[in-house]
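Chemist: I'd like to ask you about the structure that follows.
The values are calculated or read from the model by the stated rules, or taken from the named source; none is laboratory data. Just so you know, these numbers come straight off a predicted model, no measurement behind them. Methodologically, a virtual Cβ is constructed for each residue, glycine included, from the backbone with ideal geometry; neighbour enumeration extends over all protein chains shown.
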Amino acid sequence: MIVHSSKYKCTECGKNFATKQNLTVHRLIHSGEELFECTVCGKRFAQSGHLTAHGSIHSEEKPYKCHMCDKAFSQSVHLNIHMRVHTKEKPYKCQICDQAFRYSTNLNIHMNVHMNTRISKYKCSECGKSFTTNRALSLHRRIHSGEKPFECSVCGKRFRRGGGFLQHSRIHSGEKPYKCHMCDKAFSQPGYLSKHMRVHTGDKPYKCHMCDKAFTHSGNLNKHMRAHSGDKPYKCHVCDKAFTYSGNLNVHMRVHSGDKPYKCSLCSKSFRQSSNLQTHEHQVHSYRRPYECPFCGKMFKMNSDLQKHVRIHTDAKPHSCRHCSERFTWSNQLKQHLLQSHNEGTWLTCNICQKRFVISGNLKVHIRRHEGVKPHVCCECPMRFCTERDLKRHLQVHSDVKGFGCGFCNRSFKQKISVVKHAKTCPSRLSFSDIMLTST
């Protein structure tokens, strides 16, 4: 058997070639020269073969079909790569550790883990970063020089790399060439498709080493880790508050700016958060009460309100004092106990009459009464009320429902206070009292 000698050696990486022409073509990788340009999108390549392969991207013809699914490809090499999804073949093996990969790009990314074991002889004079090839160094230098040779003809945005330009161009064209074979979704970038596939596979490769939680994306894991570290990198420049997530800081900034972008379409109220608007619409404007008490049949708008109400029937007292054995049904009862019995906490004092309150909401309502503010308007008449509770009580006047009955006679009333007044002069009650007196 004749063995051809590889007498042409690359001085950059040590690779050997059988012919001088092959060595010359190979050297373009190190020089960063890209002589072959695509006439459709402007992308450049170091070798003509790469340009030819790239040209099929712009052609709609896809003659190479997968016999295991409905996917089709413009090049046979792409079909061969795709088949690894079905065969589970991982031909690209790391020479340093035992890991294997389906695609060469994944292996290249993985090799960064072992970067300290590789020879990086191309050093950047600006920042000292080292690279294994002159081409990688040339591309890196554009960060310092600000050079962006790839310009978008639609919006004028410029890019350092052709790959970034190509991905950007799909924003304008709407092209989404990367299709999920399990659903109808398509993506403009292969990375987006890879992340999406985890929805179908249930794969959560990013695991927290401090608890059992796992995540689909690395970004979600990074955010979760702040729960363990207590890290709050997002700081308010107006006050000293710091936040774990940027979204929380954005919401907080509205406290300083006074911005309330979420407006109720039924009244003039506006809110800092969309969740507060939704709660307001449900509690104030909705008449739906889907939550029913299993003990008395009373209906509630919120499940949380139902859970609190049930304590009346069960005599549950979930709020316990940490200083003594006392327990309470409501949190405000515990707060008041802590203030009165253990001098813990701070009273909220009215600056007009010095009356003290445990709950800030009660103080706000109290101050409204001083100021004569009545934000709750009756939809049936011009009357206005200080609290929602007062309005509800008043609405019974307009209703035909008489939900309060006298225990001595058959009369019923719209309001509870009417029953109390009636009871004082109810003939049946008085005659009942006379019978009781004579019997004694």
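Chemist: Condition first: under 30 Å from Cys267 (Cβ atoms) and either of a type in the set (A, V, I, L, M) or loosely packed, with under 15 Cβ neighbours inside 10 Å (or both). Now tell me which residues in the range 309-331 satisfy that.
Modeler: Within the range 309-331, Trp330, Ser331 qualify.
Chemist: Is it fair to say Val284 is surrounded by 12 or more Cβ atoms within 10 Å (Cβ to Cβ), within 35 Å of the chain's Cα centre (by Cα) and in contact (Cβ under 8 Å) with a residue 60 or more places away in the chain?
Modeler: Yes: the conditions hold for Val284.
Here is a yes/no grid of residues against (1) over 44 Å from the mean Cα position of the chain (by Cα); (2) modelled with pLDDT under 75; (3) surrounded by 14 or more Cβ atoms within 10 Å (Cβ to Cβ); (4) part of a loop (DSSP other than H, G, I, E, B):
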residue	(1), (2), (3), (4)
Cys13	yes, yes, yes, yes
Val25	yes, yes, yes, no
His30	no, yes, yes, no
Glu34	no, yes, yes, yes
Thr39	no, yes, no, yes
Gly42	no, yes, yes, yes
Thr52	no, yes, no, no
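Chemist: While we're looking at this one, here's another question. Would you mind stating whether Phe271 is under 30 Å from Thr314 (Cα atoms), among the aromatic types (Phe, Trp, Tyr) and surrounded by 14 or more Cβ atoms within 10 Å (Cβ to Cβ)?
Modeler: Spelling it out, it is not the case that Phe271 is under 30 Å from Thr314 (Cα atoms), among the aromatic types (Phe, Trp, Tyr) and surrounded by 14 or more Cβ atoms within 10 Å (Cβ to Cβ).
Chemist: Output the residue which, of all residues in the range 296-308 that are over 24 Å from Leu338 (Cα atoms) and touching a Ser or Thr at 6+ places or on another chain (Cβ under 9 Å), is surrounded by the fewest Cβ atoms within 10 Å (Cβ to Cβ).
Modeler: The selected residue is Met302.
Chemist: Let me ask something else about it. Which of the residues that make up the range 144-180 are small (Gly, Ala, Ser), closer than 30 Å to Ala72 by Cβ and part of a helix (DSSP H, G or I)?
Modeler: Gly162, Gly163, Gly164, Ser169, Ser173 - these are the residues of the range 144-180 that are small (Gly, Ala, Ser), closer than 30 Å to Ala72 by Cβ and part of a helix (DSSP H, G or I).
Chemist: Out of His58, His86, His78, I need the residue that is modelled with pLDDT of 70 or more and either within 30 Å of Ser153 (Cβ to Cβ) or in contact with a helix residue (DSSP H, G or I) (Cβ under 8 Å, 6 or more places away or on another chain) (or both). Which one?
Modeler: Just one listed residue meets the conditions, His78.
Chemist: Separate question: Which of the residues belonging to the range 265-291 are at pLDDT 85 or above and either closer than 20 Å to Cys378 by Cβ or among the charged types (D, E, K, R) (or both)?
Modeler: Once the filter is applied, which keeps residues that are at pLDDT 85 or above and either closer than 20 Å to Cys378 by Cβ or among the charged types (D, E, K, R) (or both), the range 265-291 yields only Arg272.
Chemist: Name the single residue that is farthest from Lys185 (Cα to Cα) among those in the range 62-115 being in a helix (DSSP H, G or I) and of a type in the set (S, T, N, Q).
Modeler: Once the filter is applied, the top-ranked residue is Asn112.
Chemist: List every residue pair whose Cβ atoms sit under 9 Å apart, with the two residues 6 or more apart in sequence or on different chains, where the first one lies in the range 249-268 and is free of Cβ contacts under 8 Å to residues at least 12 places away in the same chain and under 23 Å from Tyr234 (Cα atoms) and the second, anywhere, is of a type in the set (Gly, Ala, Ser) and part of a strand (DSSP E or B).
Modeler: Correct list of pairs: Pro261/Ser270.
Chemist: Moving to a separate point now. Need the failing condition index for Cys69 against (1) at pLDDT 80 or above; (2) surrounded by fewer than 15 Cβ atoms within 10 Å (Cβ to Cβ), just the number.
Modeler: Going through (1) at pLDDT 80 or above; (2) surrounded by fewer than 15 Cβ atoms within 10 Å (Cβ to Cβ) one by one, Cys69 breaks only (1).
Chemist: Filtering the range 383-399 down to residues that are in contact with a Cys (Cβ under 9 Å, 6 or more places away or on another chain) and part of a helix (DSSP H, G or I), which residue is surrounded by the most Cβ atoms within 10 Å (Cβ to Cβ)?
Modeler: Filtering first and then ranking leaves Leu391.
Chemist: Give the residues of the range 339-377 that are among the polar types (S, T, N, Q), more than 21 Å from Ser270 (Cα to Cα) and either at pLDDT below 85 or surrounded by fewer than 12 Cβ atoms within 10 Å (Cβ to Cβ) (or both), sorted by residue number.
Modeler: Asn343, Thr346, Asn351, Gln354
Chemist: Moving to a separate point now. Of everything in the range 383-426 that's among the hydroxyl-bearing types (Ser, Thr, Tyr) and within 22 Å of Phe300 (Cα to Cα), which residue is farthest from the chain's Cα centre (by Cα)?
Modeler: Ser399
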